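Derivation of every value follows stated rules applied to the coordinates shown; laboratory data play no part. Just so you know, these numbers come straight off a predicted model, no measurement behind them. Positions of Cβ are backbone-derived with ideal geometry, glycine not excepted, and every protein chain shown enters the neighbour counts.
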Amino acid sequence: MTTTTTKVAKMNALQLNNAQFKSILQKATNLVALPLIGIVVFLLLWSMAADRIDTSLGKFPGPSSVVTQASTLYDEHVAEREKATAFYERQEKRNAERVAKDPNYQPKIRKYTGKETFFDQIITSLITVMSGFLLAALIAVPLGIAIGLNKSLNTAVNPIVQLFKPVSPLAWLPLVTMVVSAVYVSPEPVVPKSFLNSMITVTLCCIWPMVINTSVGVASIDKDLVNVSRVLRLPALKHVQKIVLPASVPAIFTGMRLSLGVAWMVLIAAEMLAQNPGLGKFVWDEFQNGSSDSLSRIMTAVIVIGFIGFLLDRVMLQLQRVVSWDKAGAH
């Protein structure tokens, strides 16, 4: 009897282990194998298509050309940083010699005016898009909460939101440029006008998805939670802090993720159109340059733009999981 029971227990344990192994294998396949297969197939199709496309500047760049050009762009960045370091070292040496001769001399440090590298322009675009996105969030989230809580305010503001929501942010760019040029007048501006133009354009494209999703999330809060707040007689600000925000976090972050994705696309187009510093200007400059390497440099920028957009979305998703009480709701 004992031997039979032991055999049954071993068989059950073996079946359980097999089930766990299959589950782990299935997860590994979904997380690693399938994405890798998709990437490999995409690279093969891209490579085959590139070999068959001839342009006025030569063959369309394939994966190998992009890898080579990415390495070249990195080398250019390193070389430019070395030039900047040498420039500042020469200044320090000259200033030290002047001070040694004349102790009353006030040393002056001039900024290095070399060209922005590809990696410098990536940083510029990231700073611009995040500045515009954060400014939009400061405006849109409180406004969306107010609209969601107040039906009268929703009725009053909704026509304005629906009017401006379909407008392409690039249509705002000429107006933004004119207004900034007229209002932001300073002999020594704190930030460049080009940065403000791009940032405000990004803000205008970010506001509407966040306002709409936030207001819908707030208006859809479970009535039981609202009733609990009423029973406890929570003040308005406490009601928003304890009930409204935790319950509407998924909707707010959905709006934020949509806004950030659109903002990144719009920023690149705005930088191309207005020739403001950033990845968009890099793409346009390479297109205008028309050298034999221009296509591969543009394609490298396209891959980088897509990868950064993907990372921004993943960062927002992880941030949602951190602040949301419902961890399973963020996906």
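Side notes on the structure shown:
- Charge-dipole axis of the range 234-322 as Lys and Arg at +1 and Asp and Glu at -1 on Cβ define it, positive-most pick from V304, S248, M272: S248
- DSSP-loop chymotrypsin sites (Phe, Trp or Tyr not before Pro) across the range 235-331, with at most 12 other Cβ within 10 angstrom: W325
- Dipole orientation for the chain: of the candidates V141, A50, L258, V141 has the Cα lying most toward the positive pole (charges on Cβ; Lys, Arg +1; Asp, Glu -1).
- Neighbour cut-off at most 10 other Cβ (10 Å), DSSP loop, chymotrypsin sites (Phe, Trp or Tyr not before Pro), the range 117-185: none
- If you run the Gaussian network model on the chain, springs between alpha carbon atoms under 10 Å, then out of L245, L134, L225 the most flexible one is L225.
- Neighbour counts of other Cβ atoms within 10 Å put R297, R321 in the fewest-to-most order R321, R297.
- Assuming charge only on the beta carbon of Lys and Arg (+1) and of Asp and Glu (-1), the dipole of the chain about its Cα centre is about 1220 debye to the nearest 20.
- Classified by the C-alpha gyration tensor, the range 258-310 has an oblate form. Its axis ratio a/c, with a ≥ b ≥ c, is 1.5 or above, and a/b does not exceed b/c.
- 13 Å beta-carbon shell around A236, net charge (K/R +1, D/E -1): +4
- Kyte-Doolittle mean at least 0.5 and Cα axial length at least 18 Å: DSSP H helices in the chain: 34-51, 118-149, 151-164, 169-183, 193-219, 245-274, 294-323
- Distance between the C-alpha centres of the range 113-183 and the range 274-312: 23 Å, rounded to the whole angstrom.
- Unsatisfied cross-links (Cα-Cα over 28 Å) in the set K59/K193; K83/K281; K165/K238; K93/K193; K111/K281; K151/K193: K59/K193; K165/K238; K93/K193; K151/K193
- The structure-derived value of Cα Rg over 2.2 N^0.38 Å appears in the list (i) 1.40; (ii) 2.34; (iii) 0.97 under the label (i).
- Projecting the Cα atoms of N158, L126, V183 onto the charge dipole of the chain, computed from C-beta unit charges around the Cα centre, puts N158 farthest toward the positive end.
- Length released on extending from V191 to F87, taking residue separation times 0.36 nm less the Cα-Cα span: 35.1 nm
- Largest mean-square fluctuation among G148, G58, G38, in a Gaussian network model of the chain whose springs join Cα atoms under 10 Å apart, belongs to G38.
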